[in-house]
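A.B. asks: This is the structure, below, for whatever I ask next.
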Amino acid sequence: MGDACHIDAPTAQRDRRVLYVVLAINFAMFALEIWQGLSADSTALIADSMDFLSDAFSYGITLYVLTRPLRVRATASLIKAVLMLLLAGGAFYQGIHNLVNEQVPHFITMGWVGLLALIANVISAMLLYRTRGRDSNMHSVWLCSRNDAIANIAIIVAALFVYLSHSLWPDLIVALIITWLEGSSALKIIAHAKKELKDAH
């Protein structure tokens, strides 16, 4: 049954080109956000940088299994979902750390990095939109970019509220939102992939 869902060569080639582009975008944004997030003491930016790293790994795995049988692609989706859950836990831990140390982030850095990240994720989501319904593997990479775009809007709004309130709470709340998005998407991917594994057998 896995062969019935095999991707034809022209489609795989188009998907591969798109995945290489979004992989480069996401890894570059990971490097920028982790650097600026640490500099600005922003939990939200650090959480989002981990999300970009998760996505870069996700796209790399997807490139590897793109033309393989459905069973292999579904297994790869499960691996990516576990990675998403681990990084969601990391974002939660970082938020607690900043709360304990009362570190108020630099709102200007949050704003411009969040805006740049939003642009990167909107481009990625648009590139991946046509492939989102093919299987759990392609659906998972589209979900990554969609979730990131939502998170970036939240970071920009949080930067404004950090400026108005001089508080770390807006940054922490957004970090928790990112954690929730990562966790809930991972659970959806796991459910989808388990169904595909059952069908493949």
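A.B. asks: I'd like the full set of residues that are farther than 16 Å from MET110 by Cα and either β-branched (Val, Ile, Thr) or buried (at least 19 other Cβ atoms within 10 Å of the Cβ) (or both), limited to the stretch 177-196. Please lay out each step first, then the result.
C.D. replies: Taking the stretch 177-196 first, the residues farther than 16 Å from MET110 by Cα are 179-196.
Passing the criteria: THR179, LEU181, GLU182, SER185, ALA186, ILE189, ILE190, HIS192, ALA193, GLU196.
A.B. asks: On to the next question. Are there any pairs, at least 6 apart or on different chains, whose C-beta atoms fall under 7 Å, with the first in the stretch 102-128 and without any contact (Cβ under 8 Å) to a residue 24 or more places away in the chain and surrounded by 19 or more Cβ atoms within 10 Å (Cβ to Cβ) and the second among the polar types (S, T, N, Q) and in a loop (DSSP other than H, G, I, E, B), and if so, which?
C.D. replies: none
A.B. asks: Tally the residues that are more than 13 Å from the chain's Cα centre (by Cα), in a helix (DSSP H, G or I) and charged (D, E, K, R), restricting the search to the stretch 51-81.
C.D. replies: Total meeting the criteria: 2.
A.B. asks: What are the pairs with Cβ atoms under 9 angstrom where one residue, in the stretch 29-57, is within 18 Å of LEU19 (Cα to Cα) and crowded, with 24+ Cβ neighbours inside 10 Å and the other, located anywhere, is at pLDDT below 80 and among the β-branched types (Val, Ile, Thr)? Sequence gap at least six, or different chains.
C.D. replies: ASP51/ILE178; ASP55/VAL141
A.B. asks: Taking MET84 as the residue in question, decide whether it is over 16 Å from the mean Cα position of the chain (by Cα), crowded, with 24+ Cβ neighbours inside 10 Å, touching a residue at least 24 places away in the same chain (Cβ under 8 Å) and in a helix (DSSP H, G or I).
C.D. replies: On the way: over 16 Å from the mean Cα position of the chain (by Cα): no; crowded, with 24+ Cβ neighbours inside 10 Å: yes; touching a residue at least 24 places away in the same chain (Cβ under 8 Å): yes; in a helix (DSSP H, G or I): yes.
Here the answer is no, as MET84 does not meet what is asked.
A.B. asks: Ok, one more. For the stretch 83-103, enumerate the residues that are more than 19 Å from ALA31 (Cβ to Cβ) and touching a helix residue (DSSP H, G or I) at 6+ places or on another chain (Cβ under 7 Å).
C.D. replies: Passing the criteria: MET84, LEU85, ALA88, PHE92, GLY95, ASN98, LEU99.
A.B. asks: Residues that are hydroxyl-bearing (Ser, Thr, Tyr), part of a helix (DSSP H, G or I), under 22 Å from ALA88 (Cβ atoms) and without any contact (Cβ under 8 Å) to a residue 12 or more places away in the chain: does the stretch 172-181 have at least one?
C.D. replies: As a first pass, look at the stretch 172-181 and keep what is hydroxyl-bearing (Ser, Thr, Tyr): 179.
Checking the rest, the ones that are also part of a helix (DSSP H, G or I) come to 179.
Narrowing the set further to residues that are under 22 Å from ALA88 (Cβ atoms) leaves 179.
Next cut, without any contact (Cβ under 8 Å) to a residue 12 or more places away in the chain only: none.
No - not one qualifying residue is present in the stretch 172-181.
The values are calculated or read from the model by the stated rules, or taken from the named source; none is laboratory data. All values reported here derive from a predicted model rather than from experimental measurement. Counting neighbours? That spans all protein chains shown, and the Cβs are built from the backbone with ideal geometry, glycine included.
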